[in-house]
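This report refers to the structure that appears directly beneath it.
The values are calculated or read from the model by the stated rules, or taken from the named source; none is laboratory data. A quick note: this is a predicted structure, and the numbers were derived from the prediction, not measured. As a convention, Cβ positions derive from the backbone with ideal geometry for all residues, glycine included, and neighbour counts pool all protein chains shown. All accessible areas refer to the heavy atoms of the entire protein, side chains included, with ligands and DNA or RNA removed. Shrake-Rupley method; radii C 1.70, N 1.55, O 1.52, S 1.80 Å.
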Amino acid sequence: MLAPDRPPVAHPARLILTLSLAATVGLGIGRFAYALVLPDMRETLGWSYSAAGFMNTINAVGYLVGALAASRLIQRVGWSAAIRLGTVACVAALATCALTGNFIALSLARLVLGLGAAAGFVAGGALAATIAQSRPERANFLLSLFYAGPGVGILSSGLIAPFTLQHFGPGSWWIVWWAMTLLSAAMTVPLFLVRIESRARFSEDSHASFAIVPVLIYLAAYFLFGAGYIAYMTFMIAYVRDAGGGDAAQAAFWGLIGLSAFVTPWAWRGVLALDRGGLATAIILGTNALGAALPILGHSPAWLGISAVVFGVAFFAVVGSTTAFVRFNYPPEVWPTAIAAMTISFGVGQTLGPIVVGAITDALGSLTYALNVSAALLALGAVLALCQRKVGPAKSPVPRQRS
């Protein structure tokens, strides 16, 4: 891939915000809204925690496969087609979730959701990084806008799902999926109204330019992040509910995670500008671990709210820090392959996380153990990221962001 020799037609911030809608639909709604309906689906359909966790595991499998194929898909059909088709696939899969309670059919729908989300996220993330380079002095801030996108999906689904379940009563999980489908369809429209194609193209030898060994410890840290965060995001609503939190409490908790994502571009822009190996990721991931650990110390509404804010403000920034790491350490033509490698490591972790933690919960009988495992994995990931050194001098110097 070669860097574009002219900036995109649209303003960089507006174009990146439009691209972020792919992540909003595929991740913010497609993946994370499942936690809001998990308790009702589990009770209505008679699932164990392992079965409930499997639904996010199969989603992560799709995401992993999609990440593996993303670079080739972009090369074959182009940036805009990859982003748009992936997002449309997510909308169709959401509709399928509303149409059936069959475990196999739901599993296939969650698989397709993962495939579509990966196409939109990898293509959108790599393109957003390229676009951000057209404004080098604001590159870190602009890139953070893309990773704040899923927060919109989390916030909007948190405002809709709990009250929909309250209004229609037990067994109305399928109505929530219809609401999520309509919301996602509306958010997909701007992707077809704005030119999101780039003149950036892949070169045939781009894959050979990325070596795994120098960043193996960093990939391990990102793997642990994938396994740790998904346990929190899959089971925390069930934990809030088990602790006596009603629909308003669940909506408030989920909404705080989503709202926190909106301050990510400002809260971490200085940290994201640190060109010191894995230091930025370690700082942010450590904060994420702290947020995941707070519910272990108490489950009062205020304490859970603090957990949601601390977790949310760092959660999306971890992903942004990996893209910043790629930008600092590799030339533009390697970005899609490097981002895909990061996404694959992350994807393997989040594939194993839900079903393993669900099995632990079934065996030990308490969701508290899920939180313990989540926080421990995130903390270990922060330690590993701290050990990652720079791969080499940045091929394309990126000026420090002005405050």
Debye intensity ratio I(q)/I(0), log10, the chain, q values 0.07, 0.08 Å⁻¹ (C-alpha model): -0.28, -0.36
R0 of 51 Å, Cβ-Cβ distance Val194-Ser300: FRET efficiency to nearest 0.05: 0.70
The chain - percent of accessible surface contributed by carbon and sulfur, probe 1.4 Å: 68 percent
Helix-only CD estimate at 222 nm, as mean residue ellipticity for the chain, using -39500 (n - 2.57) per DSSP H run (n ≥ 4): -25000 deg cm²/dmol
Relative intensity, log₁₀ I(q)/I(0), of region 96-189 from a Debye sum that treats every alpha carbon as a point, q = 0.10, 0.16 Å⁻¹: -0.38, -0.81
Theoretical gain in end-to-end length, Asn102 to Trp266 [0.36 nm per residue, Cα-Cα removed]: 54.7 nm
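Write down the Kirkwood hydrodynamic radius of region 270-319, to one decimal in angstroms, obtained as one divided by the mean of 1/r over all alpha carbon pairs. Don't jump to the answer; show the numbers that get you there.
On the way: mean 1/r = 0.0883 Å⁻¹.
In region 270-319 this quantity evaluates to 11.3 Å.
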Along each principal axis, Cα extent of region 5-100, largest first, Å: 56, 26, 20
Helix 103-132 vs. the chain, principal-axis angle (Cα, 0 to 90°, nearest 10): 30 degrees
Cα-based helix-to-principal-axis angle, 34-45 vs the chain, degrees rounded to 10: 30 degrees
Principal axes of region 225-383: Cα extent on each, largest first, Å: 51, 32, 24
Rounded FRET efficiency, nearest 0.05, which uses the C-beta distance separating Val65 from Arg14 and R0 of 35 Å: 0.65
Accessible area per residue in Å² at 1.4 Å probe, computed on the chain: 36 Å²
